[in-house]
Every structure is written in structure tokens, then in C-alpha cells.
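Visitor: Right, I'll just put the structure down here and ask away after.
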Amino acid sequence: MDIHDIRPGMYCQTREGAAWVLEVDRQNQLVLLQREDETTPVQVRSEEILAPRD
């Protein structure tokens with residue numbers, strides 16, 4: 001997914017499951033996510049986000 005389409009508060013799909021976007025670092029192409037099944041946020045590269053979820 002393009003980094004410019006990703007925004008905080010967005011619910012998205014990754015290879016590991018669904019997650020909420022907390023922060024977006026467009027310069028470094030990084031996204032901070034909160035996955036539903038984890039308590040600690042994780043940082044991933046923007047290309048790991050497959051699609052938005054409803």
C-alpha cells in the first residue's frame with residue numbers, strides 16, 4: 001500500500017493480521033501499528049500493509 005494512503009486511526013490488514021495505524025513516518029516509509037492480539041505496538045515498513053479494512 002502506498003505510504004501516502006496510510007493515515008493514523010486507519011484499520012488495516014497485514015500479513016500477520018488486522019491492526020490500527022498509530023503513527024506514519026513518510027520520510028522513512030515506516031508505520032507504527034497496534035495489532036489486536038498484541039499489547040506492544042510494532043513498527044513495520046509501509047509495504048507490509050496490504051489493504052485498508054472496514
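Visitor: What does the chain give for Rg and for Dmax, in Å, if only its C-alpha atoms count?
Guide: In order Rg, Dmax, the Cα atoms of the chain give 9.6, 28 Å.
Visitor: Shifting gears a bit: Between Leu50 and Arg35, 0.36 nm times their residue separation minus their Cα-Cα distance comes to what?
Guide: Working: separation 15, 0.36 × 15 = 5.40 nm, distance 1.41 nm.
Using 0.36 nm per residue and subtracting the Cα-Cα distance, I get 4.0 nm.
Visitor: Residue separation times 0.36 nm, minus the C-alpha to C-alpha distance between Asp25 and Gln43: what's the value?
Guide: Numbers: separation 18, 0.36 × 18 = 6.48 nm, distance 1.01 nm.
Full-extension gain reported as 5.5 nm.
Here, each number is a calculation from the coordinates, and none is a lab measurement. Computed from a predicted structure; not experimentally measured.
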